[in-house]
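These notes are about the structure you will find just below.
We did not get these values from a lab; they are worked out from the coordinates using the rules stated. This structure is a prediction, so every number in the text was calculated from the model and none was measured. Note that we place each Cβ from the backbone using ideal geometry, even for glycine, and neighbour counts take in every protein chain shown.
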Amino acid sequence: MYPGLYTLKCRICEAEKADLAHILYECPKLQPKAEWHLSNQIEWETAVTSSKPETQIQAVDWALEVATKQGLLATSRCQEEAHH
């Protein structure tokens, strides 16, 4: 969408395609904590639809962390709003 700002390549492991799955749980050099249970799509869906707010917040915090590390924009404002 913005080829001047973003690249398909992963900034962490340099994989050729850093899609959503790669960024959130497939990148071998950037993995969520095992106890968070965010290692595949089913676990992500479970976390974000959990009735426990703390589980949802962990998922959002991880998504914001990896988005920031990938150099994606709009993450600093989201981080501020997520904790208010």
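Data overview
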{"read-out": "Restricting segment 7-61 to residues that are among the acidic types (D, E) and surrounded by 14 or more Cβ atoms within 10 Å (Cβ to Cβ), the residue that is farthest from the chain's Cα centre (by Cα)", "value": "E43"}
{"read-out": "Cβ-Cβ under 7 Å pairs, at least 6 apart or on other chains, segment 16-37 side farther than 17 Å from I57 by Cβ, far side β-branched (V, I, T) and assigned to a loop (DSSP other than H, G, I, E, B)", "value": "C27/I12; K29/I12; L30/I12"}
{"read-out": "Pair list, Cβ under 8 Å, 6 or more apart: segment 42-57 residue touching a residue at least 24 places away in the same chain (Cβ under 8 Å), other residue part of a helix (DSSP H, G or I) and small (G, A, S)", "value": "I57/A82"}
